[in-house]
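**Student:** Before anything else, here's the structure in question.
The values are calculated or read from the model by the stated rules, or taken from the named source; none is laboratory data. Predicted model only: the values in this text are computed from it and were never measured. Because the Cβ atoms are built from the backbone with ideal geometry, glycine has one as well, and the counts that use them run over all protein chains shown. Note: accessible area is taken over every heavy atom of the protein model, side chains too, but ligands, DNA and RNA are not part of it. Shrake-Rupley method; radii C 1.70, N 1.55, O 1.52, S 1.80 Å.
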Amino acid sequence: MAKNTDLIIFGAAGDLANRKLFPALYRLHCAELLEDNVRIMGLARADMSNAEFIQATLESLQKMLGQDEIKDSQWQSFTRRLHYMQLDFVNKRHYANFKSWLVEKRVAIYYLATPPSLFGPISSHLNSAGCVDRLSRIVLEKPIGQDLASSRHVNDTVGQYFDERNIYRIDHYLGKETVQNLLALRFANRVIHSQWDNSCIDHVQITAAETVGIEGRWGYYDNVGQLRDMVQNHLLQLLCMVAMEPPNSLEADEIRAEKVKLMRALRPITGDSVSDDAVRGQYSAGWINGEPVVGYMEEEGSREGSSNTETFVALKAYVDNWRWTGVPFYLRTGKRMGEKLTQVVITYKDSPHSIFESGHTSGNRLVIRLQPNEGIQLEMVSKKQSLKERLSLEKRVLNLDFFETSKKDRIADAYERLLLEVISGNQWLFVSRDEIEASWHWCDSLLAAWYDKNINPKSYGAGSWGPSKAEILIERDDRSWYGSE
């Protein structure tokens, strides 16, 4: 474990820091996974004392984790790590005060929980103030740009001051236990790995559905949309973990190289195929969990008129390589959906010949659940328990429920794993520049096709599973979305 480390959080009074970062750090502290001399500095524009910052952090933790989890002795020892300083991120002169807090020969980790527009100025001002050395690391939250050109600009700017090996780009899906388990499932089980190609797999589905709407971020989200917000990072990273070739080792460069090769093999969705293979949607008023909710254009902060921003995307994609030729990957993600759900579904091909006369003879599926309950289940066919029927079949499920089987060992939040890795200096769960650029290159061609063909979002009611065209996307191939057969 790394020693003599300072974790400096820019935006320490913000939503991400209070919802994710400080709860994760507190739990790492309680699990004794942080060395005693790891210091945590919060930087924000708010004018408050160190004591006020500690009290605000306590109240936030009590809200996020519950008061029962905050033990007095653990909290008191945690507060000895905490420091606060007021800082105007865009004012170069303010960084001199912060420089005086740093100690020579300690590793400084700068976590930028800020808008991406500040990544460049913060990096520049840190460097000008003498706060960057060869050991310094920087952590960047998504989105990194809004297209390939802007992502290159952000990476070029940050790269002037930090070596690539010291830049940690977060995609929090990679910190989830089940996503990491994909590596073990695929490459540590020969019975799975030997069936993992186009000779055995019929198709793959990846779904990331949210019941929430814009949550007060209309002004930001309307300039982004669901493709940029979810597909470009989360869904493409999941696709890479499912479809990439075996890396030579678990070293970061080996894993990243395989993901880049996979993304470069993704067949572009262009003007010739965009009408058939891509669906845009925008939610209208409806019902979520029995409560009425407004449509996208009635959300707080929305402007008058109309918007062409999608809150739902469904895609049919192909990976043009030896392993996956001919296997469709169906991706869908949306806000105000019928259920909060993230899962990967591997559907296997039917047996070429059946000797059975009745019951289920096909439909083997491997379902990998990321949320709400992490786990893996395998749908199998077995004999129906009956004296009346000689050899009738039925579908059974082998279920590995991480939530149930890990009650003694709580499943860590993704940010706990990611913070631990960045403090330890391990890059394997972080995204490389080449991955970012390859994913933007693919998404840019899809966005261009939408705009060139003037394809507008289809309306869908909140609480549904997206526009009807998303069902047609998969049903015309004689398939259906898992759970809606």
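**Student:** Does the stretch 159-198 hold any residues that are closer than 20 Å to Ser439 by Cα, among the hydrophobic types (A, V, I, L, M, F, W, C) and open to solvent by 50 Å² or more (accessible area, probe 1.4 Å), and which are they?
**Tutor:** None; the set is empty.
**Student:** With Asp133, Asp202 as the choices, which residue is in a strand (DSSP E or B) and open to solvent by 30 Å² or more (accessible area, probe 1.4 Å)?
**Tutor:** Step by step, each of Asp133, Asp202 is checked, and only Asp202 is in a strand (DSSP E or B) and open to solvent by 30 Å² or more (accessible area, probe 1.4 Å).
**Student:** Also, I was wondering about something else. Considering the stretch 160-198 alone, what residues qualify as being over 26 Å from Glu374 (Cβ atoms), of a type outside the set (A, V, I, L, M) and touching a helix residue (DSSP H, G or I) at 6+ places or on another chain (Cβ under 8 Å)?
**Tutor:** Within the stretch 160-198, Gln160, Tyr161, Phe162, Glu164 meet the criteria.
**Student:** Tally the residues that are under 20 Å from His172 (Cβ atoms) and modelled with pLDDT of 95 or more, restricting the search to the stretch 235-254.
**Tutor:** 9
**Student:** If a residue must be more than 18 Å from Glu210 (Cα to Cα), outside any loop (DSSP other than H, G, I, E, B) and open to solvent by less than 40 Å² (accessible area, probe 1.4 Å), how many such residues does the stretch 272-296 contain?
**Tutor:** 3
**Student:** Restricting to the stretch 30-52, count the residues that are in contact with a strand residue (DSSP E or B) (Cβ under 8 Å, 6 or more places away or on another chain), among the hydrophobic types (A, V, I, L, M, F, W, C) and surrounded by 21 or more Cβ atoms within 10 Å (Cβ to Cβ).
**Tutor:** 5
**Student:** Also, I was wondering about something else. Select from the stretch 447-475 the residues that are surrounded by fewer than 22 Cβ atoms within 10 Å (Cβ to Cβ) and either among the aliphatic types (A, V, I, L, M) or closer than 24 Å to Ser249 by Cβ (or both) and list them in ascending order.
**Tutor:** Within the stretch 447-475, Leu447, Ala448, Ala449, Ile455, Ile472, Ile474 qualify.
**Student:** All but one of (1) assigned to a helix (DSSP H, G or I); (2) of a type outside the set (A, V, I, L, M); (3) within 18 Å of Asp434 (Cβ to Cβ) hold for Pro247, so report the exception by its number.
**Tutor:** (1)
**Student:** Which one is most open to solvent (accessible area, probe 1.4 Å), of the residues in the stretch 393-412 that are in a loop (DSSP other than H, G, I, E, B) and modelled with pLDDT under 75?
**Tutor:** Per the criteria, the residue is Lys408.
**Student:** Please go through the stretch 413-440 and pick out each residue that is more than 14 Å from Leu140 (Cα to Cα) and not in a helix (DSSP H, G or I).
**Tutor:** Those that are more than 14 Å from Leu140 (Cα to Cα) and not in a helix (DSSP H, G or I): Asp413, Gly425, Asn426, Trp428.
**Student:** Among residues belonging to the stretch 91-121 that are among the polar types (S, T, N, Q) and either in contact with a Phe, Trp or Tyr (Cβ under 7 Å, 6 or more places away or on another chain) or in a helix (DSSP H, G or I) (or both), point out the one that is nearest to Lys20 (Cα to Cα).
**Tutor:** Checking each candidate, the answer is Thr114.
**Student:** Does the stretch 89-110 hold any residues that are open to solvent by 50 Å² or more (accessible area, probe 1.4 Å) and either touching a residue at least 24 places away in the same chain (Cβ under 8 Å) or not polar (S, T, N, Q) (or both), and which are they?
**Tutor:** Passing the criteria: Val90, Lys92, Arg93, His94, Ala96, Lys99, Val103, Glu104, Lys105.
**Student:** Based on what the data block shows, is Arg81 closer than 22 Å to Cys131 by Cα and touching a residue at least 12 places away in the same chain (Cβ under 8 Å)?
**Tutor:** In short, yes.
**Student:** Can you name the residue in the stretch 71-84 that is in contact with a strand residue (DSSP E or B) (Cβ under 6 Å, 6 or more places away or on another chain) and open to solvent by 20 Å² or more (accessible area, probe 1.4 Å) and, of all such residues, is farthest from Ile40 (Cα to Cα)?
**Tutor:** My answer is Tyr84.
**Student:** May I pose another question? Within the stretch 434-446, track down each residue that is polar (S, T, N, Q) and open to solvent by 20 Å² or more (accessible area, probe 1.4 Å).
**Tutor:** Ser445
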